[in-house]
1. Please state which one of B:N278, B:N309 is under 27 Å from B:M23 (Cβ atoms) and touching an Asp or Glu at 6+ places or on another chain (Cβ under 8 Å).
2. Consider B:A384 against the criteria (1) within 22 Å of the chain's Cα centre (by Cα); (2) more than 17 Å from A:A318 (Cα to Cα): it satisfies all of them except one. Which criterion is unmet?
3. Restricting to the stretch B:349-363, name every residue that is more than 15 Å from B:G339 (Cβ to Cβ) and more than 8 Å from chain A (Cβ to nearest Cβ).
4. So for the stretch B:188-208 (the condition being more than 30 Å from B:E242 (Cβ to Cβ) and part of a helix (DSSP H, G or I)), does at least one residue qualify?
5. Considering the stretch B:369-382 alone, what residues qualify as being away from chain A (no Cβ under 11 Å) and open to solvent by less than 10 Å² (accessible area, probe 1.4 Å)?
6. Suppose we filter B:E232, B:E242 for residues that are surrounded by fewer than 18 Cβ atoms within 10 Å (Cβ to Cβ), more than 14 Å from chain A (Cβ to nearest Cβ) and not hydrophobic (A, V, I, L, M, F, W, C); which single one remains?
7. With respect to the numbered conditions (1) open to solvent by 30 Å² or more (accessible area, probe 1.4 Å); (2) aromatic (F, W, Y); (3) free of Cβ contacts under 8 Å to residues at least 60 places away in the same chain, which one is the sole condition not fulfilled by B:F129?
8. Which pairs have Cβ atoms under 9 Å, sit 6 or more apart or on different chains, and link a residue in the stretch B:249-262 that is farther than 17 Å from B:V220 by Cβ and in a helix (DSSP H, G or I) to one that is aromatic (F, W, Y) and open to solvent by 10 Å² or more (accessible area, probe 1.4 Å)?
Protein chains: 2
Amino acid sequence: MSVAAGVAEMPQPVATPSARVGMVGAGQLARMTQQAAIGLGIELAVLTDDALAPAVRAGARQIHGSAGDARDLLTLAEGCDVVTFDHEQADPALLGALAEHAVVRPSPAAQLMAQDKLEARRVLADSGFPVPAFVAVESPGDIERFAAAHGWPVMAKSRTGGYDGRGVWVLDGPEQARDLYDRLRAAGRALLVEELVDLECELAVLVARNPRGQVVCYPVFQTHQHDGICHEVIAPAPVGAELADSAQRLAVSVADGVDAAGVIAVELFVAGGKLLVNELALRPHNSGHLTIDACHTSQFEQHLRGVLNWPLGRGELAAPACAMVNVLGPANPGDPAAGLAAALEVPHAHVHLYGKPWRPGRKLGHVTALGDDVDEALQRARAAAAAMVAA
Amino acid sequence: MSVAAGVAEMPQPVATPSARVGMVGAGQLARMTQQAAIGLGIELAVLTDDALAPAVRAGARQIHGSAGDARDLLTLAEGCDVVTFDHEQADPALLGALAEHAVVRPSPAAQLMAQDKLEARRVLADSGFPVPAFVAVESPGDIERFAAAHGWPVMAKSRTGGYDGRGVWVLDGPEQARDLYDRLRAAGRALLVEELVDLECELAVLVARNPRGQVVCYPVFQTHQHDGICHEVIAPAPVGAELADSAQRLAVSVADGVDAAGVIAVELFVAGGKLLVNELALRPHNSGHLTIDACHTSQFEQHLRGVLNWPLGRGELAAPACAMVNVLGPANPGDPAAGLAAALEVPHAHVHLYGKPWRPGRKLGHVTALGDDVDEALQRARAAAAAMVAA
């Protein structure tokens, strides 16, 4: 029994963070990574020249600079246990140089797969993974020869720099092909063409992997794109158990094959009852946002654990069904924050805002909802998302 | 069909945060509030003079200053939609003055209940809520007269400033009573005594409330204290449906009675099969940490929604059972972050670190685990917590 002393205390040592992680990029993926980092006692630094970037506004430490500057990359890496990425736009040569001085995960070689669509197709095809028929385009004649074999229309893609539907074109005939080829060549951009796959649906499989070789595969999600932008994701994907199982095994093989570290998203086409690998993202991905609220371990926590070579968490869904709906900037200027209170009226909705300024079609946030079945979850998520777009 | 333009963009307007919230205090409660604020697009500012406070390290904006300085409180309130609290140590007079210039939630009057244990007992008893027998102590004779009626030992409590077992003493007889009285009087502290309740167990009920009168009650949790410090929490509390129902109705009545805004934690004694109100916290509380991983809406998101007068979220458990175990500083210096990887090996464990320096018995983090039953969840959470304390 003693009377407690006053609150004056001796100077205390400072707690060491459990790890320091540097992230190239500071968008919404980095923002949600910052949320996960807090719980794990990780200090996250982000490389960006935008003091109002989503992750900086969420409290990640800003390293002023650009992914295109070798010195800035080194500054980010200084004092960090590992450097990772919220986008795949960094120059592979710069990353290679960085990797001589710092731990870079995923490796620059692996990231090439996500940067260059032609490289990805080639490596995957060479490794025996199913991909759409494709060819590198060196001249307009390449497109015409490919179309003669596979039929018009064909899908043309910029090798690099495309995302959210940018850098992808459907070509109906030789005239469009030549026109596109000329315009891209003038812009210094290279091209590949692919068969236009007769889609039944699109799936995404997230796999987490750490350098010690531990692998966790999430359930299979179905994605709904519109104009190439992900609009909605539902889980579990309403496909048979056999196809889902194949999709998971395929995704794990791809993750192993590209030596992924952290989270990898494998986007799959389903066509003629078969799976084709569409694209890879070697980072957390829009298709996995629902893992925050619907899975035991979010893709953002999982990515941190993976790149730090820590034990991974479980990936199961914590509810029978789940849906995620993106909040995209409406045609007319409007801030979804203005509709937040209305969105929160929707029971079971989990709202996530990114702190980004409005632009039409821009991803400004997302809503996840759980439910007893996919329809129920989707209805809830759509209602909340609509409340913010209508505001 | 068009070739995408380059990435150069017009200067963009900055996204408005959905709200700006000021919080007095920057400990682990503010840190976890910052995590919740990110998702809702809320900018959180915290008042503290410690640049390494847990919430500041998590990225909340620091307002340098102290809760004991009227000007600092005003600086915090500037530009904020509402001011709220992660502790109840602020001077009621200062808060009253602040409330003339800013929205303060919960109200200074309500907070008095959490600051002054005698005031809380009186208000609750006057309102007809069941509380342990108690009396204000003006002289050592008051203690002896109370003990004559209720028997030794009695429980003595400092009216203000006590937490985590500090400021609470069990008195076995008149000699100890006089000794404590003298020592507290010398320190300028006032006292009350209570009957020593023959406890069956302790419960905690969290209630969220907003000024428009919406109320959400969480399931009943059972808490396990040791030396007055919360060690473990399990949910649902293994009590009968009738008692659980009474506990929830009692907690909601208390929340309404004290005009709570945001989250209130009502700590209850179960004695002789009946409920007694022990203590109140008009803020997120240790007993509710499990809501982050186990409930649809965490107490931190709920507190923000409550003080902002936004619609509240659902409170149900998302799993059959859940347990939370605090990570307390061990006797010998040690940073739980060193044992983090080992803790993450435990399946189903959710680890939360606060970024605080070690001190014996100090709350440095917590672990939550879900399970099919309470025993399973508790075993998992204990294993992960032990891994960090043993490190």
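1. B:N278
2. Every condition holds for B:A384 apart from (1).
3. Within the stretch B:349-363, B:P360, B:G361, B:R362, B:K363 qualify.
4. Filtering the stretch B:188-208 for residues more than 30 Å from B:E242 (Cβ to Cβ) gives B:188-193.
Within this subset, residues satisfying the condition of being part of a helix (DSSP H, G or I) are none.
Scanning the stretch B:188-208 turns up no residue that is more than 30 Å from B:E242 (Cβ to Cβ) and part of a helix (DSSP H, G or I).
5. Result: B:G371, B:A377, B:A381.
6. Step by step, each of B:E232, B:E242 is checked, and only B:E242 is surrounded by fewer than 18 Cβ atoms within 10 Å (Cβ to Cβ), more than 14 Å from chain A (Cβ to nearest Cβ) and not hydrophobic (A, V, I, L, M, F, W, C).
7. Checking B:F129 against (1) open to solvent by 30 Å² or more (accessible area, probe 1.4 Å); (2) aromatic (F, W, Y); (3) free of Cβ contacts under 8 Å to residues at least 60 places away in the same chain, the one that fails is (3).
8. B:G257/B:F129
The values are calculated or read from the model by the stated rules, or taken from the named source; none is laboratory data. Keep in mind the model is a prediction, meaning the values are calculated, not measured. Virtual Cβ from ideal backbone geometry, glycine too; neighbours counted across all protein chains shown. The accessibility values were calculated without ligands, DNA or RNA, using every heavy atom of the protein model including side chains. Shrake-Rupley method; radii C 1.70, N 1.55, O 1.52, S 1.80 Å.
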